[in-house]
Amino acid sequence: MLRSNVAAGNFPGSPSSVGGTSVSNYDSLRILVLGDSGVGKSSLVHILCHGTVLTNPTWTIGASVEVKFHFYKEGSSEETKQKPVILELFDIGGSLQHKSSRHIFYHNFHGVMFVHDLTNKKSLKNLLKWKDELVNRNHEGVSNLSMDGLMRSYNDFRGERYLTVPVLMVGTKSDIVPSPARLDRVTSIGKELGACDTIKLNCLNPSTVQAGTSCAVTLSKFYDKVIENSSSGRSHSSSSQTASSKLSSTHSKLSSGNLTRIHIE
C-alpha cells in the first residue's frame, strides 16, 4: 500500500550541470537508509529533510520515503544555484519479520546510509549483516533456478561483494553514549562497509545538522559524492522494477513543487 502526505514547497526549476552533465538527467537519486529497528532511522531522515525533530516516531513497515533538495557543492563557489538535485531517502523498516521482502526496495539506488545506535553495540555489528543482505539482494529464490541460472547467479554474486555507490555510516543518540571508547569501535566496521565517512549525531537536536556544523559538512560531501557517482553512470540496479513502479507517481508530485512523504507497506 502507498500512502503520501504532501506539504507545499517551492524550488527553482531552471537546468544546471554537474561535471558537464545536466542535472535534469538525474533529477531524482535514491539513497537507502538501513539499520536495525529502533536505532532512529525515521528520526534521522526527518531531521535531514525537514530540519526539525520527529515528535511522534512510529515503527516503519515496508519503507517510508522522504525527499530532500540538495545543491551540488552547496556553500562553495561551485554551488549549482539554478536547480537542486532531488534526493529520495528510503527509510527501510528494520523488523526481522519483514526481512524476506525488503529486497524489493534494493534496486536502482545511488547511495547508502548505514545507521546504528551508539548506545547499542549489537546494532553496530549488525550493519555488516545489512551490507550482506544488500549485496545479496538479487539472489532471493535462487533455489528455483536451473543449473545455468545458478552459475550465472554465482558469478554475479562473486562480482557484487562490494557496493559501488557512496556509503555513509551514521551513529545516532550521541547525547547518551555511555563512553567515548565506544566511538572508536566504529572505525573498523566502517572500513568493512566501505564507508566514505562517518558521523555521530543527536536526532533530538536540530542544531546538530545546521549549516556549518561538522555533521552538515560531512552530509553535504556525501550527497555530492552520490551525485558525482551517478553522473558517471554508476548505480546499483536490477531487472526487477517492483519498487520503481510503486513510486512512479513520485516525480509527477515533485514536478509541481511539492515535498512528498510516501509510506510503502
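The values are calculated or read from the model by the stated rules, or taken from the named source; none is laboratory data. Since the model is a prediction, treat every value here as computed from it, not as a measurement. So basically every Cβ, Gly included, is an ideal-geometry build from the backbone, and we count neighbours across all protein chains shown. Quick note on the areas: whole protein, heavy atoms, side chains included, nothing else; ligands and nucleic acids left out. Shrake-Rupley method; radii C 1.70, N 1.55, O 1.52, S 1.80 Å.
Phi-derived couplings, Karplus 6.51 cos²θ - 1.76 cosθ + 1.60 at θ = phi - 60°, listed residue by residue for region 66-73: 10, 10, 10, 9, 10, 8, 4, 6 Hz, with x used for Gly and Pro. Accessible surface for Tyr223 stands near 10 Å², nearest 10, in the context of the full protein assembly shown (1.4 Å probe). With each label modelled as a point 7 angstrom along the Cα→C-beta vector, the Lys99-Glu79 pair spans 4.4 nm. Pairs over the 23 Å Cα-Cα cut-off, from the set Lys122/Lys221; Lys200/Lys225; Lys99/Lys221; Lys122/Lys225; Lys68/Lys99: Lys122/Lys221; Lys99/Lys221; Lys122/Lys225; Lys68/Lys99.
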